[in-house]
Amino acid sequence: MFNRRKFIKKSALTAGLFSFSGNLRALTQNNPSIIPPSPSQNNMKPIVISTWDFGVAANADAWKVLSTKGSCLDAVEKGVMVAEADEKNNSVGYGGLPDRDGIVTLDACIMDSDGNIGAVLALENIKHAICVARKVMEKTPHVMLAGKGAYQFALEQGFKTENLLTQESEKAWKEWLKNAKYNPVINSENKNYQNAAPEKLPGNQYNHDTIGMLALDVHGNIAGACTTSGMAFKLHGRIGDSPIIGAGLYIDNEIGGATSTGVGEEVVRNVGSFLVVELMRQGYSPQDACKEAVMRIIRKKPQTAKNIQVGFLALNKKGEYGAYAIQKGFSYAVCNENKQDLILPGKSYY
Ligand code: GLY
């Protein structure tokens, strides 16, 4: 880990912790709605949750790590790599739909239980954006790298260049070019719930969904990862919520974590995942916190919200989880010692 972080960690330990715990005790005594932090501990029951049906396969790889007492950070990285490598998943990693210019650009971020973060924005030609994000976190003094700089850094770290545009994605892009209109299909990852677009769009290819994953390990720590190719046929250089810590993902090891999927612009506007975690800090259940974050989006832009999907997913330190979305059809996958392949429907406003 870079020296600055060691320094910051050490300073926090020596100077801050005693006054923090004293203040917190006073705060929680005066305000019972504030949940005191649960410290890291062993023998917690591990759990991993992630967005959409494709989360099942991703959770399975994360579970291999968690069930052998591995760390939540390793679990979320390994987990979302499954979606990044799946060429049939056209909203994440290899096989992701390109931007307006036919270029696949990836956004990803990762956050550990010590508050360390790393992100890559508009990364090209590298399949596992999440692994580059982790390298940003662990090998640099920075938290985000974008575009050519992110690519150059990835090469320096030994990642190999790959063409991410599959034949199928190229075909969809060429089809889209005939009209070149942007009009996202709601719930593109859940074919049973796709809303019909106002006009018939070629191939239902207008998607922009994300894998967001949250894991609690046997040591009682939480980490999260979020990765996507973003909105299909977006403007070149467009960045959504997924690589923005606080928007697409947020972890606070005292409280829990949250992640999001859907139209990133509305999540960024409301700093959605940070909001969910802060609401859980105030005593909201994971589902109620997700619901309130969705309601903020709806209240702020009611007309916009009618025609878009945004979903939040949250996990607290007790291993409780929940989700809420604007539209019906947002699903999420849960994996723990009892169930390895559970898909649940997230509750929704409409
Ligand atoms: N949530 C993914 C995006 O908007 O890019």
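The values are calculated or read from the model by the stated rules, or taken from the named source; none is laboratory data. A quick note: this is a predicted structure, and the numbers were derived from the prediction, not measured. So basically every Cβ, Gly included, is an ideal-geometry build from the backbone, and we count neighbours across all protein chains shown.
Just one of (1) farther than 21 Å from Gly115 by Cβ; (2) modelled with pLDDT of 95 or more; (3) assigned to a helix (DSSP H, G or I); (4) within 16 Å of the ligand (Cβ to nearest atom) trips up Ala293, so point out which.
Condition not satisfied by Ala293: (1).
Suppose the filter is part of a strand (DSSP E or B), more than 14 Å from the ligand (Cβ to nearest atom) and either modelled with pLDDT under 95 or touching a Leu at 6+ places or on another chain (Cβ under 9 Å) (or both); does Ala258 pass it?
Numbers: part of a strand (DSSP E or B): yes; more than 14 Å from the ligand (Cβ to nearest atom): no; either modelled with pLDDT under 95 or touching a Leu at 6+ places or on another chain (Cβ under 9 Å) (or both): yes.
No; evaluated as a whole, the condition is false for this residue.
As an exercise: evaluate Ala223 against (1) under 14 Å from the mean Cα position of the chain (by Cα); (2) within 14 Å of the ligand (Cβ to nearest atom) and give the number of the one condition it does not meet.
All conditions pass for Ala223, except number (2).
What's the total number of residues in segment 210-220 that are in a loop (DSSP other than H, G, I, E, B) and away from the ligand (no atom under 14 Å from the Cβ)?
From segment 210-220, those in a loop (DSSP other than H, G, I, E, B) are 210, 217-220; that's our starting set.
Filter again for away from the ligand (no atom under 14 Å from the Cβ), leaving 217-220.
Number satisfying all stated conditions: 4.
Output the residue which, of all residues in segment 226-248 that are within 28 Å of Lys45 (Cα to Cα) and assigned to a loop (DSSP other than H, G, I, E, B), is farthest from the ligand (Cβ to nearest atom). Spell out the reasoning first.
In the first step, residues of segment 226-248 are kept if they are within 28 Å of Lys45 (Cα to Cα); the result is 226-227, 242, 245-248.
Then keep just the ones that are assigned to a loop (DSSP other than H, G, I, E, B); that gives 242, 246-248.
On the way: Ser242: 5, Gly246: 14, Ala247: 9, Gly248: 6 Å.
Restricting to residues being within 28 Å of Lys45 (Cα to Cα) and assigned to a loop (DSSP other than H, G, I, E, B), the top hit is Gly246.
Of the conditions (1) within 13 Å of the ligand (Cβ to nearest atom); (2) without any contact (Cβ under 8 Å) to a residue 24 or more places away in the chain, Lys135 satisfies every one except a single condition; which number is it?
Here Lys135 clears every test but (1).
Starting from residues that are closer than 22 Å to Val334 by Cα and in contact with a His (Cβ under 9 Å, 6 or more places away or on another chain), keep the ones in segment 81-115 and report whichever is farthest from the ligand (Cβ to nearest atom).
Ser113
Please go through (1) part of a helix (DSSP H, G or I); (2) over 19 Å from the mean Cα position of the chain (by Cα); (3) crowded, with 16+ Cβ neighbours inside 10 Å for Phe274 and return the number of the only condition it doesn't satisfy.
Result: Phe274 fails condition (2) only.
Do we have any residue at all in segment 298-307 that's in a helix (DSSP H, G or I), among the hydrophobic types (A, V, I, L, M, F, W, C), in contact with a Ser or Thr (Cβ under 7 Å, 6 or more places away or on another chain) and surrounded by 19 or more Cβ atoms within 10 Å (Cβ to Cβ)? Show your work before the answer.
The first filter runs over segment 298-307 and keeps only residues in a helix (DSSP H, G or I), leaving 298-300, 302-306.
Still in the running and among the hydrophobic types (A, V, I, L, M, F, W, C): 298, 305.
If we keep only those that are in contact with a Ser or Thr (Cβ under 7 Å, 6 or more places away or on another chain) as well, we get none.
Scanning segment 298-307, I find no residue that is in a helix (DSSP H, G or I), among the hydrophobic types (A, V, I, L, M, F, W, C), in contact with a Ser or Thr (Cβ under 7 Å, 6 or more places away or on another chain) and surrounded by 19 or more Cβ atoms within 10 Å (Cβ to Cβ), so the answer is no.
Given the conditions (1) farther than 26 Å from Glu124 by Cβ; (2) assigned to a helix (DSSP H, G or I); (3) more than 13 Å from the chain's Cα centre (by Cα), which single one is not true for Glu265?
Of the numbered conditions (1) farther than 26 Å from Glu124 by Cβ; (2) assigned to a helix (DSSP H, G or I); (3) more than 13 Å from the chain's Cα centre (by Cα), the odd one out for Glu265 is (1).
Can you tell me which residues in segment 40-75 are over 24 Å from the mean Cα position of the chain (by Cα) and at pLDDT below 65?
Initially, segment 40-75 is screened for residues over 24 Å from the mean Cα position of the chain (by Cα), giving 41-43.
Correct list: Gln41, Asn42.
Determine whether segment 20-29 contains at least one residue that is among the charged types (D, E, K, R) and at pLDDT 95 or above. Even if it seems obvious, please write down each step before you answer.
Step one: of segment 20-29, the residues among the charged types (D, E, K, R) are 25.
Okay, now just the ones that are also at pLDDT 95 or above, so none.
Taking every residue of segment 20-29 in turn, none turns out to be among the charged types (D, E, K, R) and at pLDDT 95 or above.
Just to be sure I understand the filter: pairs with C-beta atoms under 9 Å, separated by 6 or more residues or on different chains, first member in segment 161-181 and within 19 Å of Tyr94 (Cβ to Cβ), second member aliphatic (A, V, I, L, M) and in a helix (DSSP H, G or I). Which pairs pass?
Thr161/Ala154; Thr161/Leu155
Any residue that is modelled with pLDDT of 55 or more, more than 16 Å from the ligand (Cβ to nearest atom) and part of a helix (DSSP H, G or I) - is there at least one of those in segment 189-206? Let's see the steps before the verdict.
Here is the first cut: in segment 189-206, the residues modelled with pLDDT of 55 or more are none.
No, segment 189-206 contains no residue that is modelled with pLDDT of 55 or more, more than 16 Å from the ligand (Cβ to nearest atom) and part of a helix (DSSP H, G or I).
Against the condition closer than 14 Å to Ser348 by Cα and more than 19 Å from the chain's Cα centre (by Cα), how does Ala325 come out, does it pass?
Details: closer than 14 Å to Ser348 by Cα: yes; more than 19 Å from the chain's Cα centre (by Cα): no.
In short, no.
Does any residue of segment 337-350 turn out to be in a strand (DSSP E or B), aromatic (Phe, Trp, Tyr) and on the phi < 0 side of the Ramachandran plot? Talk me through it step by step, then tell me what you get.
Within segment 337-350, the first condition is being in a strand (DSSP E or B), and the residues that meet it are 342-345, 347-348.
Then drop every residue that is not aromatic (Phe, Trp, Tyr), which leaves none.
Scanning segment 337-350 turns up no residue that is in a strand (DSSP E or B), aromatic (Phe, Trp, Tyr) and on the phi < 0 side of the Ramachandran plot.
Can you name the residue in segment 69-119 that is in a helix (DSSP H, G or I) and not hydrophobic (A, V, I, L, M, F, W, C) and is also nearest to Tyr250 (Cα to Cα) among such residues? Walk me through it before giving the result.
Filtering segment 69-119 down to residues in a helix (DSSP H, G or I) leaves 72-85.
Next cut, not hydrophobic (A, V, I, L, M, F, W, C) only: 74, 77-79, 84.
Working: Asp74: 17, Glu77: 15, Lys78: 18, Gly79: 17, Glu84: 20 Å.
The extreme case among them is Glu77.
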